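Written out below as structure tokens is the structure these notes cover.
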Amino acid sequence: MSNTPTPPDDDGNADPDADDGIEASRAPLLDHLIELRNRLIHSFIAVIIAFGICFFFAQDIYNFLLGPFLTAAENAKAASGDTSQLELIFTGPLEFFFAKMKLALFGGVILAFPFLAWQIYRFVAPGLYRNERGAFFPFLLASPVLFTLGASFVYYAMLPMVMRFAFNQEQAAGVDQVAILLLPRVSEYLSLVTTLILAFGFSFQLPVVLTLMGRVGLVSAQGLRKGRKYAVVGILAFAAFFTPPDIISQFLLAVPVLLLYEISIWSVALIEKKRQKDEEAEEAQEDTA
């Protein structure tokens, strides 16, 4: 039972309704905290289950991610006439094990993301109007699709070019020069792949983020057009920070993100046009009422 004194009313007497108001405000907050705890527990369990599944197939997943490396290595060896076996190395006794753990956690979060997004939606949906829930739900579907497109772009376009560039840096043994060979560590290759997937996956979320901001009125299509030059500088800086230090990788990230920025402007413009039509329809109804 609370020891907080009851505030007096206008006559100087204790007001019993004040305590009722305080308790009523506490109850919804407690319900929200319990709901948040349950959603977090469910999300954590989902990630743990997805982690276990991915760890069981971690070596198969890693071998799949090696596809661009193997293709580039085979082409480089065929061009030089080298028939030696392809190999990656690890220099610590547990390095490959921890690499598989990292890969399993990374894959587990991606695998469980649809469930995590559903938990987020279920938590925020009671506080939204019906039309807001209908507007918010499509973005939950678009987000994993765009992330998958970004990851696919990395695997099928970005990594092959990066690996070809890397193997072109090798040096054959000859007069007055030693052989310089690419022998990447398993953890370094995994770090490169996961970094690129995250960079491209999150970059491809740009239309979702800007469209949501446009829906709530934080940005406008005209403002995005005026800020295009600043966006170009920011995107180039982002590409330079999250990609390997070569102009090809930075270009491959910057160009799709710039295209997505233009798509975002178009999407925000459509939202503004629809909002204007709705406002005109409401004004017409008020005038006829």
* Keeping to the range 110-124, report how many residues are surrounded by fewer than 16 Cβ atoms within 10 Å (Cβ to Cβ) and within 24 Å of Leu190 (Cα to Cα). => 1
* Answer yes or no as to whether Phe202 is at pLDDT below 85 and either among the hydrophobic types (A, V, I, L, M, F, W, C) or part of a loop (DSSP other than H, G, I, E, B) (or both). => no
* Quick check: anything in the range 255-263 within 23 Å of the chain's Cα centre (by Cα), farther than 30 Å from Leu159 by Cβ and either free of Cβ contacts under 8 Å to residues at least 60 places away in the same chain or exposed (fewer than 12 other Cβ atoms within 10 Å of the Cβ) (or both)? -> no
* Structure fact -> Here the qualifying pairs (Cβ atoms under 8 Å; residues six or more apart or on different chains; first in the range 182-204 and among the β-branched types (Val, Ile, Thr); second not in a helix (DSSP H, G or I)) come out as Val186/Leu88; Val186/Ile89; Val186/Phe90
* **Exclusive hit being farther than 30 Å from Phe96 by Cα, assigned to a helix (DSSP H, G or I), modelled with pLDDT under 90 and in contact with a helix residue (DSSP H, G or I) (Cβ under 6 Å, 6 or more places away or on another chain), set Val268, Val209** => Val268
* Structure fact -> Reported set for the range 264-289 where residues are of a type outside the set (S, T, N, Q), exposed (fewer than 12 other Cβ atoms within 10 Å of the Cβ) and either under 29 Å from Phe204 (Cα atoms) or in contact with a His (Cβ under 9 Å, 6 or more places away or on another chain) (or both) is Lys273, Lys274
* Thr91 being of a type outside the set (D, E, K, R), at pLDDT 85 or above, under 30 Å from Leu182 (Cβ atoms) and outside any helix (DSSP H, G or I) -> yes
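The values are calculated or read from the model by the stated rules, or taken from the named source; none is laboratory data. On a predicted model such as this, the values are computed, not experimentally measured, just so you know. Neighbour counts are summed over all protein chains in view; Cβ atoms, including those assigned to glycine, are modelled from backbone coordinates with ideal geometry.
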